[in-house]
Amino acid sequence: MLSVCFGQNWIQNQRIEKQFKEAVLSYNSGRYATSETILNKIIDSGYESISEKSLLLLLKSQVALNKADEAKQTAKTFFSKYPISSFSSYAMDSLGDLYVNSSNYESAYRMYSRSKNLANENTHKAKIDNKLLRLIKINLSTKFIDELLIMETDLSLANIHYIAIAYSHIMNGVPDNAALALAKIDPSYLPDIFSNLFELLLRESYKPASPVMTIGLVLPLTGSNSETGKAFLGGFKNAQSLNKIGEKKLSILTRDTRSDEIETVKIISELENIEQLIAIASPVDEMLSLSLLSALKNSDLPILLTNKQNGDLSLINEKAFFLNSDYSTEGVIAAQYIVKHLGLDSIAIIAPAYKNIEIQIDAFTREVDRLGGKIVATEWYSGEPKNLKRQFSFLRQVGFKLREKEKKYDEALGMEIDSLDALFDVSVDDFFDLPEPKIKKMSTSDSSKVILKTIQAIYLPISFNDLEYIGPQIPMYNFDAKIIGNSSWKQLEILTKENIGPHLKGMSIISSMFAPKSDSIITDPKFLDDYQSGYYASKLLTNVNLTEISRSALSESLGKVSFFNDTGYNFIPSKINKNINSAFQLIGFNGRDFVKEGVISIDSLSIVNLQNP
């Protein structure tokens, strides 16, 4: 009988052990809900041999699912049943994660500190140090850290606390107090991960005091759009490294969206709860911008969006500032440049058929019509424009028709008639039926060689990947027309090819930003605009005038910016909405390089060497 009971218990234990392994596998695979379900069944079965580990994994699963109430109850049960557990460090680590999820950063810092005190494994200590470092950069209260220092006996943690205090003093513009905190640190007891920050704080503590603003960056640093996010972050940081002594400094709190829309909205909501944060900057697209602005509709947090939008989203959130204008404005400005500033009135369009460009072309067409110009042809394409023979051939047909009209018009204007001579002169044609002179008909090959000047301008707002196909095709169709493009034309390695460059010499590009060839830090031109978006967002924030470091003060100051100028970027608020930038860079192509020709905004073209006032 005893052996039967023993066998049954052994089988039951094996079954429970197998279930626990399944729960571990589910947790490690990101299936946290499945893990939670399995663990609840194990705990309900009452097997003490595995209860401690099951409670800990259940706590971690509930934290991952952001089930705050359930996680707190599980943690309470864990510490009640196992007050001196060898897993206590991991349980406190998970509670720290829970508090981070709810934006309770001081509680999270306290839990991570306790976890580090109890940790035995170096790998676990290193993970906690990384979490503490991230929390320090949020700018924790010095009063809170001082309270922790009173009871702290661990030298490594005490040094970390002093790092946190010094960072806060630097952020608050009190470098002398930071120096006093840094003087108490023994570098031999400071974990390696804090060494770079320690060195940076030492340097900053010797500099004159300057105000510091904490800015949240919401970026895709992993996933499908990671290159965009990394370029933006690189530009933002590089702008700060070039700051002059005494200028405002920016403390950056970066969150990775993992190129996921749901994660982006979640992160935005979390950052909104960080009181020290006075603005968010992000290069999200127009669809995600709508979700983001809706989520922060009732917030006082200013939002700087750096990507071009397809509408006025400030109607959703008045704290939103658009540093890169919108598609409609670009269309209007392109029309004004061609008709008003160049004086051209016979315009053709070739463009890709997708929503944003269609919005741009509609605005362009309306403005050309308003200004008295004439759109003689509009041709669309879809997919990769490997062969635009149909579109360009139609433009040549239009050009020939315009040429014939001009010829007839010129002949009519050039006819001279003397009224007296006309009464007495008699033509031999009145008496002899002479054959009509034969006019040689132009062949297709001959007509393709004719250089057409009747279409004066061709507007080509294309997609970035289209240029490699369109660039070589334009010279084949012999148009003597001004080519005007958008930012997608800023690809020097394509334009400077022998079969393209000489033919497109003199074209103009209308773009939000300009980068001379020598300043192109990003080697891939596809991400150059992303780099510059981060760079100039940082420069604009640094140069804005503030009465105090606060959300309301920054929002008010951004709303009052009337003009901002840097080497390759300008902010000139729209006359319709001051939160939207209406300035574009006018860039020329001389056959070898891009040249900045001026700055153009609604009803204004400035071709001068601009300097900040």
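The values are calculated or read from the model by the stated rules, or taken from the named source; none is laboratory data. Since we're looking at a predicted model, the values are computed, not measured. Cβ atoms come from the backbone with ideal geometry, glycine included; neighbour counts cover every protein chain shown.
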Just checking, how many residues over region 83-108 are assigned to a helix (DSSP H, G or I) and free of Cβ contacts under 8 Å to residues at least 40 places away in the same chain?
-> 16
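Got at least one residue in region 334-342 being in contact with a Ser or Thr (Cβ under 7 Å, 6 or more places away or on another chain), modelled with pLDDT of 95 or more and under 19 Å from residue 584 (Cα atoms)? Please lay out each step first, then the result.
In the first step, residues of region 334-342 are kept if they are in contact with a Ser or Thr (Cβ under 7 Å, 6 or more places away or on another chain); the result is none.
For region 334-342, residues in contact with a Ser or Thr (Cβ under 7 Å, 6 or more places away or on another chain), modelled with pLDDT of 95 or more and under 19 Å from residue 584 (Cα atoms): absent.
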Do we find that residue 222 is surrounded by fewer than 17 Cβ atoms within 10 Å (Cβ to Cβ), polar (S, T, N, Q) and under 30 Å from residue 266 (Cβ atoms) in this structure?
-> yes
Working carefully through the options 556, 548, 597, find the one that is more than 18 Å from the chain's Cα centre (by Cα), among the acidic types (Asp, Glu) and modelled with pLDDT under 90.
-> 548
Hey, residue 215 hits all of (1) modelled with pLDDT of 90 or more; (2) of a type outside the set (Asp, Glu); (3) more than 19 Å from residue 549 (Cα to Cα) but one; which does it fall short on?
-> (3)
When every residue in region 524-572 that is polar (S, T, N, Q) and touching a residue at least 60 places away in the same chain (Cβ under 8 Å) is compared, the one nearest to residue 248 (Cα to Cα) is 542
Of the numbered conditions (1) assigned to a helix (DSSP H, G or I); (2) closer than 14 Å to residue 531 by Cβ, residue 202 satisfies every one except a single condition; which is it?
-> (2)
Going through region 285-305 one residue at a time, which ones are surrounded by fewer than 24 Cβ atoms within 10 Å (Cβ to Cβ) and in a loop (DSSP other than H, G, I, E, B)?
-> 285, 296, 297, 298, 299, 300, 301
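Here's the yes/no breakdown for (1) at pLDDT 95 or above; (2) under 14 Å from residue 97 (Cβ atoms); (3) within 38 Å of the chain's Cα centre (by Cα):
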residue: 120; (1), (2), (3): no, no, no
residue: 127; (1), (2), (3): yes, yes, yes
residue: 132; (1), (2), (3): yes, yes, yes
residue: 135; (1), (2), (3): no, yes, yes
Conditions (1) farther than 25 Å from residue 51 by Cα; (2) in a helix (DSSP H, G or I); number of the one not met by residue 139 | (2)
Please indicate, with yes or no, whether at least one residue in region 318-329 is in a helix (DSSP H, G or I), in contact with a strand residue (DSSP E or B) (Cβ under 6 Å, 6 or more places away or on another chain) and at pLDDT 90 or above.
-> no
